[in-house]
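Participant: Below is one structure. I have some questions about it.
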Amino acid sequence: MIELWLHLRTDPRRTRTLVDALKALARLAQLERGCLAAHVFTECHDSRQVYYREAWDAEENLQSMLCSERFTHLVELMEMATEPPSLDFRTISEIQGLEFAWRARHRQAGQPLTPGAINGQLTMPECGNLEANSS
């Protein structure tokens, strides 16, 4: 999976316009082959910080999108930023779920790695004093 991450800082008076335009692009993105998700969000304490994210199943599909008119429009929206925007492409090779946290907590607690279930749910051991280990 490859993610496109865009971060923009905008003038507060233009945030709503920018967010609406990005939402429209996100809706179009989700119709394209290989787009797994598209999201727009702002910082909860600073709505001038706007984020746009797309997730793609394969590099070929992402490259096709990068040659599209929709991407050209995304680049044009980047010009609304009050500071230079940040555009990243992140390749993700593995995604793990709750089991990852469960294994880490069991290792930290020195317990064997055999799942113990209570009512069909994973039980999380105490990790000990994690604050002392996180310096």
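Participant: On the basis of being surrounded by 13 or more Cβ atoms within 10 Å (Cβ to Cβ), touching a strand residue (DSSP E or B) at 6+ places or on another chain (Cβ under 8 Å), modelled with pLDDT under 95 and among the hydrophobic types (A, V, I, L, M, F, W, C), does TRP102 make the cut?
Facilitator: Judged against the criteria, TRP102 is a match.
Participant: Also, I was wondering about something else. Looking at region 5-43 only, could you name the residues that are assigned to a strand (DSSP E or B) and charged (D, E, K, R)? Step through it out loud before you land on a result.
Facilitator: At the first step, the residues of region 5-43 found to be assigned to a strand (DSSP E or B) are 5-10, 35-42.
Across region 5-43, the qualifying residue is only ARG9.
The values are calculated or read from the model by the stated rules, or taken from the named source; none is laboratory data. Bear in mind the structure is a predicted one, so any value in this text is a computation, not a measurement. Cβ atoms come from the backbone with ideal geometry, glycine included; neighbour counts cover every protein chain shown.
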